[in-house]
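Mind having a look at this structure? Questions to follow.
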Amino acid sequence: MADILNNPKGRRDYHILETFEAGIVLHGTEVKSLRAGKGQISDAFARVEKDEAWLYNAHIDEYAFGNIQNHAPKAPRKLLLHRSEIRKLHEFAAVKGNALVPLSFFWKNGKVKVLLGVGTGKEAHDKREDIKKRDSEREMKRAMMHSRKGR
C-alpha cells in the first residue's frame, strides 16, 4: 500500500471510530495527476446522498500535459462501496457530531483507493493531550537511544 496523499487534519482533528476502504471513480487525467502526487485532501469530506457515497472538496490538480478534456480540480467524486457499507456510513453520519473524513489516497492492485474514516471532532483539550503524549513518547525514545549509546 503506497500512499499517494495523506490528510494530516484527519487524525489530528477527529477521533476516528471506524475506517472504510473505498474505490473512487476517476478520469484518466486525474489518475495521471495523482501519479505525479499533485493533489490535496486536507479540506475534503464525504457524504451519503441517495444511497451513494460522494467525496467533496478533494483537490486533484489539472494534468499538466492534458488537453481540453482535462478534469475539474474540485469536482465531486463518487466513492465505490458495497451497499451494506454505504448503509453503515449513512447511520454513522446521521449521528450529530460525526463526520466522514478521507484519511488517505493509496494504490492497491493498480487502482486508487480512499481510506475513509468516521470520526467525531476533537476538542482543544483533546488535541493538547495528544501533543503531550506524543512529546513524552519522543522524550522516552530519546532517553532509550541515549542510554544505548552510552554502553
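The values are calculated or read from the model by the stated rules, or taken from the named source; none is laboratory data. From a predicted model like this one, the values you see are computed outputs, not experimental measurements. Here the Cβ positions follow ideal geometry from the backbone for every residue, glycine too, while neighbour counts run over all protein chains shown.
Say we look at the range 8-51 and pick out the residues that are assigned to a loop (DSSP other than H, G, I, E, B) and aliphatic (A, V, I, L, M); which of these is nearest to His90 (Cα to Cα)?
Ala44
With the condition kept exactly as written, say whether any residue in the range 17-35 is more than 17 Å from Lys113 (Cβ to Cβ) and in contact with a Pro (Cβ under 6 Å, 6 or more places away or on another chain).
Checking the range 17-35: not a single residue is more than 17 Å from Lys113 (Cβ to Cβ) and in contact with a Pro (Cβ under 6 Å, 6 or more places away or on another chain).
Can you tell me which residues in the range 94-149 are in a strand (DSSP E or B) and over 15 Å from Ala22 (Cβ atoms)?
Across the range 94-149, the qualifying residues are Asn98, Ala99, Gly119, Thr120, Gly121.
Taking the criterion of being more than 30 Å from Leu26 (Cα to Cα) and not small (Gly, Ala, Ser), would at least one residue in the range 92-110 satisfy it?
yes
Moving on. I need the full set of residues from the range 95-123 which are of a type outside the set (Asp, Glu) and out of contact with any Leu (no Cβ under 8 Å at 6 or more places or on another chain), in order please.
The answer is Val95, Lys96, Gly97, Ala99, Trp107, Lys108, Asn109, Gly110, Lys111, Lys113, Gly121, Lys122.
Mind listing whichever residues of the range 10-34 are surrounded by 14 or more Cβ atoms within 10 Å (Cβ to Cβ) and free of Cβ contacts under 8 Å to residues at least 60 places away in the same chain?
His27, Thr29, Glu30, Lys32, Ser33
Within the range 59-87, restricting attention to residues that are under 15 Å from Phe106 (Cα atoms) and modelled with pLDDT of 90 or more, which residue is surrounded by the fewest Cβ atoms within 10 Å (Cβ to Cβ)?
Ranking the candidates gives Leu80 first.
Applying the selection to the range 95-113, what residues are farther than 15 Å from Arg11 by Cβ, surrounded by 14 or more Cβ atoms within 10 Å (Cβ to Cβ) and of a type in the set (A, V, I, L, M)?
Val112
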